[in-house]
1. Counting each DSSP H run of 4 or more residues in the chain as -39500 (n - 2.57), what helix-only mean residue ellipticity at 222 nm follows after dividing by all residues, to the nearest 500 deg cm²/dmol?
2. Taking each pair of distinct Cα atoms in region 6-60 once, what is the resulting Kirkwood hydrodynamic radius in Å?
3. Can you give the net charge of the other residues whose Cβ lies under 13 Å from the Cβ of Cys15, counting K and R as +1 and D and E as -1?
4. For the pair Glu50 and Gln19, what calculated FRET efficiency results from E = 1/(1 + (r/R0)^6), where r is the Cβ-Cβ distance and R0 = 25 Å, to the nearest 0.05?
5. Through the Karplus equation 6.51 cos²θ - 1.76 cosθ + 1.60, θ set to phi - 60°, convert the phi angles of region 9-23 into ³J(HN,Hα) values in whole Hz; use x for Gly and Pro.
6. Can you tell me the dipole magnitude for the chain around its Cα centre, using point charges on the Cβ only (Lys, Arg +1; Asp, Glu -1), in Debye to the nearest 20?
Amino acid sequence: MLKTSAVYLIFCDNCGIPQHIPQYILQNYIAIGVDGVYCKNCEKRIHIPEFLRKIAAELE
Ligand SMILES: [Zn+2]
């Protein structure tokens, strides 16, 4: 089964490195209320911005 999958970008508050957030993360984590991810560079927690939560809520 083929699916198109978008990748979303957020920037770390601490080091500014962009983080790629795949659509499945939005669907499986953000949509159910997880409100942060860990930066791959500095390992600080990055708060999920409101716009991304809205996108997650609208995904199937
Ligand atoms: Zn960082």
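1. Details: 2 runs with 15 residues, N = 60.
-6500 deg cm²/dmol, from helical runs alone.
2. About 11.1 Å for region 6-60.
3. On the way: positive: Lys40, Lys44, Arg45; negative: Asp13, Glu43.
That works out to +1.
4. On the way: r = 16 Å, r/R0 = 0.66.
Between Gln19 and Glu50 the formula returns 0.95.
5. 10, 10, 10, 5, 5, 8, 10, x, 6, x, 10, 8, 10, x, 4
6. Magnitude of the dipole: close to 120 debye.
Bear in mind that the values in this text are calculations on the coordinates, not laboratory data. Bear in mind the structure is a predicted one, so any value in this text is a computation, not a measurement. Please note: Cβ atoms are built from the backbone with ideal geometry, for glycine as well, and neighbour counts cover all protein chains shown.
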